[in-house]
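Asks: I have a structure I would like to understand better, so I am pasting it below and will then ask my questions one at a time.
The values are calculated or read from the model by the stated rules, or taken from the named source; none is laboratory data. Computed from a prediction, not measured in an experiment: that's the story for all the values here. Reconstructed Cβ throughout: ideal geometry from the backbone, glycine too, with neighbour counts over all protein chains shown. Just the protein is used for accessible areas: all its heavy atoms, side chains included, with ligands, DNA and RNA removed. Shrake-Rupley method; radii C 1.70, N 1.55, O 1.52, S 1.80 Å.
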Amino acid sequence: MVYTAEYASPLGTITLACDGEAITGLWFNGQKHFGYNLPRETLRREHPLFAKARRWLDIYFSGREPGSLPPLRYDSTPFRKLVCDILLTVPYGETITYGEIAAEAARRQGVKNMSAQAVGGAVAHNPISLMIPCHRVVGAGGSLTGYAGGIDRKVRLLALEHKARQ
């Protein structure tokens with residue numbers, strides 16, 4: 001069974017999902033690809049994992065690095081999972097480009113190169129926003145490009161992290 005609950009963030013309502021063992025979803029309500037990996041039936045009920053996720057989010061939105069994550073499960077295609085694994089290595093307050101992710105994905109797969117556009121599609125389908133920090137991905141030269149939660153949110157999230165690191 002998949003459980004869902006909501007979290008009132010300063011940037012809008014967030015829907016959380018878990019399978020009883022790990023957080024499986026975190027989306028700003030209405031964002032692109034919202035809940036794409038949710039089963040048809042979910043149970044709207046509190047679960048102890050949601051308390052851990054809310055604590056993490058409370059610390060994050062207070063402008064501090066939240067530290068260790070609650071258990072996460074992001075079952076997906078092997079490529080999307082690889083991209084999420086790479087995203088989890090991006091430190092709080094720092095950014096990475098789509099090209100850098102593509103180069104690291106190619107290195108990990110033992111191939112010569114990888115498409116930055118394919119990386120963009122995988123980043124957009126990240127099922128656990130914020131915790132898997134897709135908002136830290138920028139375009140070449142640091143340009144702020146798309147974010148499934150909206151570019152305005154991306155700007156505010158990056159500003160929050162940058163301010164906390166000063």
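Asks: Scanning segment 34-51 for residues that are in contact with a strand residue (DSSP E or B) (Cβ under 8 Å, 6 or more places away or on another chain) and under 18 Å from residue 132 (Cβ atoms), which turns out surrounded by the most Cβ atoms within 10 Å (Cβ to Cβ)? So that I can check it myself, show each step before the final result.
Replies: To start, the set of residues in segment 34-51 that are in contact with a strand residue (DSSP E or B) (Cβ under 8 Å, 6 or more places away or on another chain) comprises 34-35, 37-38, 42-47, 49-50.
Subsequent filtering for residues that are under 18 Å from residue 132 (Cβ atoms) retains 34-35, 37-38, 49-50.
Working: 34: 15, 35: 15, 37: 17, 38: 16, 49: 22, 50: 20.
Checking each candidate, the answer is 49.
Asks: Now for a separate question. Mind listing just one residue for me: the one in segment 10-20 that is out of contact with any helix residue (DSSP H, G or I) (no Cβ under 6 Å at 6 or more places or on another chain) and over 20 Å from residue 75 (Cβ atoms) and, of those, least open to solvent (accessible area, probe 1.4 Å)?
Replies: Residues of segment 10-20 out of contact with any helix residue (DSSP H, G or I) (no Cβ under 6 Å at 6 or more places or on another chain): 12-15, 17, 19-20.
Cutting the leftovers down to over 20 Å from residue 75 (Cβ atoms) gives us 12-14.
On the way: 12: 25, 13: 57, 14: 0 Å².
Ranking the qualifying residues of segment 10-20, first place goes to 14.
Asks: Return the pairs, sorted by first residue and then second, in which the second residue is crowded, with 18+ Cβ neighbours inside 10 Å and β-branched (Val, Ile, Thr), the first residue lies in segment 4-22 and is free of Cβ contacts under 8 Å to residues at least 24 places away in the same chain and part of a loop (DSSP other than H, G, I, E, B), the beta carbons are less than 9 Å apart, and the residues are 6+ apart or on different chains.
Replies: From residues that are free of Cβ contacts under 8 Å to residues at least 24 places away in the same chain and part of a loop (DSSP other than H, G, I, E, B), there are no pairs.
Asks: Listed residues 148, 124; which is under 21 Å from residue 99 (Cα atoms), within 16 Å of the chain's Cα centre (by Cα) and modelled with pLDDT of 90 or more?
Replies: Values: 148 fails: modelled with pLDDT of 90 or more.
On inspection, the qualifying residue turns out to be 124.
Asks: Let me ask another. Mind checking which pairs have a first residue in segment 142-165 that is farther than 13 Å from residue 62 by Cα and a second that is assigned to a loop (DSSP other than H, G, I, E, B) and open to solvent by 40 Å² or more (accessible area, probe 1.4 Å), Cβ under 6 Å, 6 or more apart or different chains?
Replies: 148/32; 148/33
Asks: Out of (1) closer than 14 Å to residue 127 by Cα; (2) outside any helix (DSSP H, G or I); (3) of a type in the set (Asp, Glu), the odd one out for residue 65 is which?
Replies: (1)
Asks: What single numbered condition from (1) exposed (fewer than 14 other Cβ atoms within 10 Å of the Cβ); (2) among the polar types (S, T, N, Q); (3) under 13 Å from the mean Cα position of the chain (by Cα) fails to hold for residue 62?
Replies: The one condition residue 62 does not meet is (3).
Asks: In addition: Please determine, by comparing only the residues of segment 67-79 that are modelled with pLDDT of 95 or more and surrounded by 17 or more Cβ atoms within 10 Å (Cβ to Cβ), which one is farthest from residue 23 (Cα to Cα).
Replies: 70
Asks: Moving to a separate point now. Which one of 60, 74, 36 is hydroxyl-bearing (Ser, Thr, Tyr) and in a helix (DSSP H, G or I)?
Replies: Working: 74 fails: in a helix (DSSP H, G or I); 36 fails: in a helix (DSSP H, G or I).
Testing whether each residue is hydroxyl-bearing (Ser, Thr, Tyr) and in a helix (DSSP H, G or I) leaves just 60.
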